[in-house]
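Quick notes on the structure that follows.
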Amino acid sequence: ATATRPAAVRRCWQLAALPPAQAEALQRSAETTAGLRGRHTEQTATLPERWIVYVGKFPTAEALQRRRAELRQAGVEYRDVNAPALAPGLALGTYSSEEAARKALLDVQRQGVRDARVVQERPATRVLTLRWPDLTEAEREQLQAALGPAGSSLTACP
């Protein structure tokens with residue numbers, strides 16, 4: 001009788017929601033460096049536009065810290081805005097439409113925040129998810145190395 005080796009476990013791995021140019025560069029790296037030519041699939045999606053009630057752009061880190069303290073004292077929730085055109089700034093709410101953000105602005109103004117305004121944080125944006133549906137653990141390790149720093153974002157497919 002011949003002993004049979006267990007088949008290597010294969011699994012799907014992905015990089016999700018990448019800008020198209022970045023996805024294409026990473027896919028090329030996976031093909032050439034990891035030897036995975038023709039082994040990936042792509043899924044296209046569109047991230048919807050995003051609107052915020054915004055305070056900023058602050059001229060200094062100290063001004064940003066003072067504004068955070070004022071908002072905390074007034075009981076107004078906020079988050080940091082990282083979009084380059086708006087940072088350093090604070091979002092007092094995030095909305096899927098300009099209309100919803102304008103309604104929220106009225107509420108914030110009633111709380112005494114006079115310098116807030118509505119801005120678009122992000123337009124509708126096309127993104128790609130790259131999937132490698134059938135990789136052994138060794139192939140996953142090669143892929144992760146080929147992707148460089150982006151390899152740390154490689155996750156198991158849902």
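The values are calculated or read from the model by the stated rules, or taken from the named source; none is laboratory data. Keep in mind it's a predicted model, so treat the numbers as computed, not measured. Backbone-built Cβ (ideal geometry, glycine too); neighbour counts: all protein chains shown.
Within the set Leu92, Leu64, the sole residue that is of a type in the set (A, V, I, L, M, F, W, C), in a helix (DSSP H, G or I) and at pLDDT 95 or above turns out to be Leu64. Remark: Arg110 matches the filter, which requires a residue to be free of Cβ contacts under 8 Å to residues at least 24 places away in the same chain and more than 22 Å from Leu18 (Cα to Cα).
Any residue in region 128-144 that is assigned to a helix (DSSP H, G or I) and farther than 30 Å from Leu36 by Cβ? Before the answer, list the steps.
Here is the first cut: in region 128-144, the ones assigned to a helix (DSSP H, G or I) are 137-144.
Narrowing further to those that are farther than 30 Å from Leu36 by Cβ: none.
Among the residues of region 128-144, not one is assigned to a helix (DSSP H, G or I) and farther than 30 Å from Leu36 by Cβ, which makes the answer no.
Looking across Ala87, Ala23, Ala45, one residue alone is without any contact (Cβ under 8 Å) to a residue 60 or more places away in the chain and of a type in the set (Gly, Ala, Ser). It is Ala87. For Gly35, the criteria (1) small (Gly, Ala, Ser); (2) surrounded by 14 or more Cβ atoms within 10 Å (Cβ to Cβ); (3) under 18 Å from Ala150 (Cβ atoms) hold in every case but one, which is (2).
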